[in-house]
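The numbers here are math on the coordinates, done by the rules we state, and not lab data. Bear in mind the structure is a predicted one, so any value in this text is a computation, not a measurement. Neighbour counts are summed over all protein chains in view; Cβ atoms, including those assigned to glycine, are modelled from backbone coordinates with ideal geometry.
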Amino acid sequence: MRYQRNLGLYPIDNRGFPDSPNGTLDQLLMNQTRHKILVLFLLLAAMFPWAAFAQVFISQQPQSQSLVTGARLTLTVQATGTGPLSYQWRRNGVNIPGANSSAFVIARFQPTDSGDYSVAVADVTGAVNSDTAQVRAANLSDLPFTDAMGDQNLITDANGTGRGSNVGATKEPGEPNHANKPGSHSVWLTWQAPLLGGVAKFDTAGSSFDTLLAVYTGNSVTNLTLVAANDDVSNCDDPARGFHSSQVKFNAQGGTVYHIAVDGLGGAAGDIVLNWDVNVFEGLLTVLNLMPSVTLGLPGDNLTLSVNVQGLVNYQWYLDCKPIPGATANLLRIDNLQASKVGDYTVHVKDLLGVETVSDAANVQINITDGRAINVAALDKFSEIAEGVKSGLTRSASRLQKSAVSGSPVRKKAGGLARGYRGTQIFSTVGSTKDPGEPNHCGETGGASAWYAYQPPATGLLILDTEGSDFDTVLAVYTGPGTDYASLVPVACDKDSGSNGKTSKVVFSVTKDTIYYIAVDGEGGTSGTVQLNYNLGVAPVFTQQPFTRTVSPGGSVTLSATASGVPAPLYQWYFGSDAIPGATNASLTITNFQSVDEGDYQVLASNFADSAVSARATLLLDSPLRLDSFNVRSGATSMRLIGQSNGSYIIQYSPNLQDWSSLVTNAVPNGIWAYVDTNLHASSGFYRAVSQ
C-alpha cells in the first residue's frame with residue numbers, strides 16, 4: 001500500500017512512514033516539526049494569495065442616478081492595478097452578461113432596468129468590488145403597499161408599473177413564508193382582476209434586492225390560499241435569471257380580489273418595482289398540481305419525477321435547459337443516477353391550442369455521507385443555507401416556486417447539515433448566480449456560486465476538494481455566525497490545486513461541531529457539474545501502549561499497541577531510533593530473542609491527519625537477578641532490577657552489612673522492577689535484593 005501524508009496544500013515526503021521506513025524516529029519527528037512550520041506559512045499564502053501584492057485601487061466609483069424612461073444610462077469606473085485589468089458589471093449582485101469594460105451603457109433606460117449596480121475590477125492579485133450605484137426610475141407612481149395585509153391598498157388597473165419599498169416592514173404573526181422561502185420584510189397590495197379576467201402576469205423586474213413574490217386569495221394572513229409564488233425568474237433565455245427578480249403568471253378570475261405579497265429573501269429589503277399585465281386573449285394556463293420537488297439519491301439509484309395536468313396536453317422534459325430525448329410523458333424516470341444526470345429538471349406542457357406552460361426546476365443531486373444518502377443539498381443562495389443551519393435542518397434543494405410541476409419525493413431522508421467523516425455531494429451550478437455582498441471567493445470575480453454547510457463530528461484535519469468536477473472551480477471555506485456575508489470569517493480557499501490544474505483543494509484544521517460554510521464558484525463565472533468531496537481525519541491517539549518486560553533467551557515476545565484515529569492509522573515499529581523493515585502491524589513479534597535484541601521499542605501510528613509515537617517498551621533478557629541502574633539524588637535512592645519474569649523480590653537495607661531490614665516486597669511479572677527509596681538513612685549504607 002502506498003501512503004502519502006499531506007499537511008496543508010502540500011505533500012510531505014514519506015521518510016519514516018510505513019511504506020518508506022528509512023530515516024530515524026528522531027529525524028522523523030524533527031522533520032514533522034519543520035514541515036508543520038513550513039506548511040503553516042504556505043497554507044496562509046494559499047489561503048490569501050493576493051495578500052502579498054497591492055490590490056486594485058478604484059479611484060472613481062460609479063455614481064447613483066435617477067433617470068426618466070428612454071434616457072441614456074452610463075456608469076463608469078476608474079481603477080489601477082497590477083497588469084491588465086478586467087471588469088465585470090453586476091446588477092443586484094448578479095453578473096451582467098457581456099458587461100466587461102470600464103463603462104456600462106443602456107441606450108434607452110426602462111423602469112425594469114432599475115437596480116443596484118456595481119462592478120468587480122480584477123488584476124493578477126484578485127478582484128475588488130466597487131461601491132454600489134443606485135439606479136432608479138424617476139417617473140414611477142407610488143403604489144399603496146402596506147405593511148399589513150388588508151383591503152385599503154386596492155388597485156384595479158389591468159396593467160401598470162409602480163414603485164414601493166419594504167424597508168422597515170415587518171412580518172405578521174401567522175404570515176406564511178412567501179414562495180416557501182425565509183423573509184422578514186413583507187409588504188402587501190390588493191388587486192382586483194378586471195371583469196373579463198385573463199392570464200395575469202406580475203413581476204418585480206427593476207427592484208433593488210432579491211425579491212419573493214406571492215399571490216393569494218383569502219381574508220387574513222392565517223386563512224390564505226396560494227395562487228402562485230416565485231423567488232427568482234427561471235428562464236433559459238436569461239442567464240442572469242432576472243437579476244433576483246420574481247415573476248408569476250396565473251389564471252385571473254374576473255372580479256376576484258387577489259392579495260400580492262412582496263418580501264425579501266433572507267431579510268433583504270430595498271426599493272420595489274412592480275409590473276403587471278392581464279392578457280384577456282391569451283389561452284388559459286394549464287393547471288398543474290404542486291408538490292414538494294427535491295430529489296436526492298445515491299449513485300445508481302432509480303428516481304422518478306412526475307406532473308399531474310388537467311386536460312389533453314403534450315410533455316417535454318428538460319435537464320439544465322436541454323431537452324431530454326424521448327422524455328414526453330407526465331412521468332420521468334431517472335435510471336442509474338450518475339453525475340451526468342444531476343441538475344435542474346423542468347417540464348414544458350403544451351395544450352391542444354399550442355399554449356405552453358413551463359415549470360420551474362426540480363433539482364436533483366447525489367449525496368453520499370459515510371456510505372449512505374441523507375437529505376442534505378447544496379443551494380444557490382447563502383441565506384437559504386444559513387436558514388437551514390439556524391433551524392437545524394438544511395432546506396430542500398428545490399427551486400420549484402410556482403404552481404407548476406410536481407416531483408415525487410424520492411429517497412427523502414432525515415438530515416440537516418452535512419455531518420460525516422467522508423462524503424461527496426454532486427450537483428449542478430448551471431443557472432446559479434451571485435448575491436449582493438457576496439465575497440469574491442479566493443479573489444476571483446466568479447458569478448455562479450453554490451453553498452454547502454458542513455459540521456465535523458470530531459476535531460481533526462479536513463481535506464476538501466472538487467476532484468471530478470467538469471469545469472474550472474473556485475473553492476472557499478468560511479466560519480462565523482452566518483447572519484450575513486459580513487459575518488463570515490475566511491478559513492481557506494483555492495482555485496487550481498486539483499490534479500488537473502482546474503479543480504480545487506484545501507486542507508485545514510476543523511473543530512468539532514463548528515459550522516463551516518463552503519462556497520463553490522467558477523472562474524470567470526463558469527458553471528457545470530460539481531463533485532464536492534470531503535474527508536475528515538482525526539489524529540491517532542494511543543489507547544493501548546506496549547509494555548516493558550524480560551524475555552527468556554531464545555524465546556518469543558509480542559509487543560502490542562492500539563491507536564484510535566480516522567482513518568484507521570498505519571503503524572511502523574522502531575528499534576531504538578531505527579525503523580524495523582516490514583514491521584507495519586499493530587503488534588510486533590520477535591522470535592529467538594537474544595542479547596542483540598535487547599533495547600527500547602516504539603511504534604509510530606499515522607494517518608493523513610497527524611501521527612503519534614507510543615511509549616517506550618524495553619525488552620531485556622530474562623536472567624538471574626541483577627542490578628541494571630542505581631542513582632542517589634536529592635535524598636532519594638532509585639534503582640532498577642532485572643530478573644526472571646513472574647518473580648518476587650525483597651529489597652533490604654543495612655548500614656553495616658550485618659544488620660539487614662526489609663524495605664519492600666514486590667511481585668515482578670515482567671521481570672523488571674524500578675524502585676525508589678525516599679527514606680532518610682545514614683550518610684552511608686547498603687542495599688541488596690533477595691529472591692522470595
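Show which aspartates and glutamates lie in cross-link reach of residue 341 when reach means a straight Cα distance below 14 angstrom and same-chain residues fewer than eight apart are skipped. Within the straight-line limit of under 14 Å, residue 341 reaches these aspartates and glutamates: 301, 320, 470.
From most to least packed by mean Cβ count within 10 Å, the peptides 574-587, 419-432 give 419-432, 574-587. A simple packing score, the average count of other Cβ atoms within 10 Å per residue, orders the peptides 256-269, 616-629 as 256-269, 616-629, with the highest score first.
With a/c under 1.5 counting as rounded, go ahead and sort segment 47-188 into rounded, prolate or oblate using the C-alpha gyration tensor (a ≥ b ≥ c being the square roots of the eigenvalues; past the cut-off, prolate if a/b is larger than b/c, else oblate). It is oblate, given that a/c is not under 1.5 and a/b is not larger than b/c.
Each Cα pair under 8 Å and six or more residues apart adds its sequence gap; the mean of these over the residue count of segment 626-691 is a relative contact order of 38 percent. Once you sort the root eigenvalues of the Cα gyration tensor of segment 181-253 as a ≥ b ≥ c, which label holds: rounded (a/c under 1.5), prolate (a/b larger than b/c) or oblate (the other case)? The shape class here is oblate. Relative to the current alpha-carbon distance between residue 459 and residue 74, full extension at 0.36 nm per residue lengthens the span by 133.4 nm. Pairs spanning more than 25 Å between alpha-carbon atoms, out of 181/512; 434/502; 181/390; 322/381; 381/495: 181/512.
Using R0 = 25 Å, the C-beta based FRET efficiency linking residue 82 and residue 509 works out to 0.20. Summarising the label geometry, the points placed 7 Å from Cα in the beta-carbon direction at residue 627 and residue 596 lie 3.2 nm from one another. The simple spin-label model puts a point 7 Å past each Cα toward its Cβ; for residue 681 and residue 578 those points are separated by 4.0 nm. Principal-axis analysis of the Cα atoms of the chain puts helix 25-47 at an angle of about 20° to the longest axis. Taking each residue as 0.36 nm, the span from residue 157 to residue 315 lengthens on full extension beyond its C-alpha to C-alpha distance by 53.4 nm. Between residue 421 and 370, the built amide H atoms are under 5 Å apart, and every one of these is 5 or more places off in sequence or on another chain.
For the chain, the Stokes-Einstein estimate of translational diffusion at 10 °C and a viscosity of 1.306 mPa s comes to 53 µm²/s, using the Kirkwood hydrodynamic radius over alpha-carbon pairs. Here's the picture: charge each Lys and Arg Cβ at +1 and each Asp and Glu Cβ at -1 in the chain, and of 224, 657, 581 the one pushed furthest to the positive end of that dipole is 657. Estimated at 0.36 nm per residue, the fully extended path between residue 470 and residue 484 surpasses their Cα-Cα distance by 2.1 nm. Taken about its Cα centre, segment 57-137 carries a charge dipole of roughly 240 debye when the Cβ of each Lys and Arg holds +1 and the Cβ of each Asp and Glu holds -1. Across segment 626-691, Cα-Cα distances exceeding 17 Å account for 39% of all pairs.
Computed from Cα positions, the angle between helix 382-391 and the longest principal axis of the chain comes to roughly 60 degrees.
The distance separating the Cα centre of segment 106-139 from that of segment 614-690 comes to 85 Å. Charge dipole of segment 156-270 (Cα centre as origin; +1 on each Lys and Arg Cβ, -1 on each Asp and Glu Cβ, all else neutral): 140 debye, rounded to the nearest 20.
With the Cα gyration tensor of segment 141-279 giving a ≥ b ≥ c as the square roots of its eigenvalues, does the rule (a/c under 1.5 for rounded; else a/b larger than b/c for prolate; else oblate) give rounded, prolate or oblate? Because its axes are fairly even, with a/c under 1.5, segment 141-279 counts as rounded.
Put a dot 7 Å past the Cα of residue 284, heading toward its Cβ, do the same for residue 147, and the two dots end up 4.0 nm apart.
With a cut-off of 15 Å on the backbone N, the residues of segment 612-649 near the modelled label site 7 Å out from residue 665 along Cα-Cβ are 647-649. Just how far, in whole angstrom, is segment 249-281 from segment 521-587 if you go by their alpha carbon centroids? Between the Cα centres of segment 521-587 and segment 249-281 lies a distance of 62 Å.
If you plug the beta carbon distance of residue 356 and residue 192 into 1/(1 + (r/R0)^6) with R0 = 30 Å, you get a FRET efficiency near 0.60. Ranking 81, 119, 64 by how far each Cα lies toward the positive end of the dipole of segment 57-137 (charges on Cβ) leaves 64 at the top. If R0 is taken as 30 Å, the Cβ-Cβ distance between residue 616 and residue 658 corresponds to a FRET efficiency of 0.15.
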